[in-house]
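These notes concern the structure reproduced below.
The values are calculated or read from the model by the stated rules, or taken from the named source; none is laboratory data. Remember, it's a predicted structure, so these values are computed and weren't measured experimentally. Neighbour counts are summed over all protein chains in view; Cβ atoms, including those assigned to glycine, are modelled from backbone coordinates with ideal geometry.
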Ligand SMILES: [Zn+2]
């Protein structure tokens, strides 16, 4: 990927380009924005440009980019550039004490120490830069952030450190003040739809995934491209909406089992694709996605009731309309709230079966309360 190929982040890429043109590439950046909006891709494209042996100046708009042909670019594309250091919490296995460790939820201090702090002084092997990219910086706790301060403050001249962060509010002010913050906004719905249609999706389906992913192109692609032996994830989502619109207390156990099976299928697909990401993180992402899909049915009922915005499930509007007859916006808001609580349970490592059962039990229970108080 070249910098010029990054879509929908003109402002962020433009700021980096201007800094480079002015000879003012910072030694520490914090790329702030939601997951899947292009932070990692941009960091890699910037690194590739900085490491390129034969940078090219593109015309209109004029800016400098990697050539894609030199030894450095080719090594980069092959995934083994020695001067590009991607730091993820999954590296814990390769730390001195980490042989049998599983990936934790937070970024381990050993990874920060052994893969960033201790290596910061190493000279570039090929070119004139070494680029460190620290993934999920929001998962670096305060003690580890404090340990990083010195390298962020005064890294050697050949180093560029890029922190990727979806929650800049969780970073210490001392960390933020040492980094140049570059903001990545959400990708527009039109752009996401365009990309998904290019990938072969029908327009209706693409619109659903664009709205589901709320500006995260990465998330839209990860979900919409899921294929199972039994059919597509879109087929599953349609069935989920149908079930959510009509289930009752008696269906809770069966439906929870079905959601659990689907979450495991999704995780299985992603584990094959993303071998560097921990299974725990992937399982959580799948569970949270299904909870979100459920929640969106109720937030659509709210949208319809309050006549604001477009429906996420516009493709199944008749079902949402029917549900809205039974459920007023306030009651729907309570259900959205339940879903948000269950989403937090996922972060607290609660057992998957319990989460789905509790979610559906709560959602069906409030119906009972509603009809008994009506
Ligand atoms: Zn090159």
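Quick notes
- So residue 227, is it out of contact with any helix residue (DSSP H, G or I) (no Cβ under 7 Å at 6 or more places or on another chain), under 23 Å from residue 189 (Cα atoms) and surrounded by 18 or more Cβ atoms within 10 Å (Cβ to Cβ): no
- Screening the candidates 52, 8 for the property of being in the same structural domain as residue 165 (by TED's automatic domain parsing) and over 24 Å from residue 220 (Cβ atoms) yields one hit, 52.
- Tallying residues that are touching a residue at least 40 places away in the same chain (Cβ under 8 Å) and away from the ligand (no atom under 16 Å from the Cβ) within segment 20-60 yields 20.
- Test for residue 151: is it under 24 Å from residue 38 (Cβ atoms) and away from the ligand (no atom under 16 Å from the Cβ): no
- Lone qualifier among 290, 354, 327, 319 - being in contact (Cβ under 8 Å) with a residue 24 or more places away in the chain and farther than 26 Å from residue 220 by Cβ: 327
- Any helices (runs of 4 or more DSSP H) falling wholly within segment 118-210 and containing at least 2 residues that are within 24 Å of residue 277 (Cβ to Cβ): 142-153, 189-198
- Per the listing 229, 238, the residue uniquely at pLDDT below 95 and on the phi < 0 side of the Ramachandran plot is 229.
- Test: residue 193 is surrounded by 15 or more Cβ atoms within 10 Å (Cβ to Cβ), touching a residue at least 60 places away in the same chain (Cβ under 8 Å), farther than 25 Å from residue 281 by Cβ and not assigned by TED's automatic domain parsing to the domain that holds residue 52: no
- Residue ID - surrounded by the fewest Cβ atoms within 10 Å (Cβ to Cβ), chosen from residues in segment 61-89 that are free of Cβ contacts under 8 Å to residues at least 24 places away in the same chain and near the ligand (Cβ under 7 Å from one of its atoms): 69
- Per the listing 309, 305, the residue uniquely touching a helix residue (DSSP H, G or I) at 6+ places or on another chain (Cβ under 7 Å), farther than 17 Å from residue 257 by Cα and without any contact (Cβ under 8 Å) to a residue 12 or more places away in the chain is 309.
- Of all the numbered requirements in (1) crowded, with 17+ Cβ neighbours inside 10 Å; (2) in contact (Cβ under 8 Å) with a residue 24 or more places away in the chain, residue 114 misses one, and that requirement is (2).
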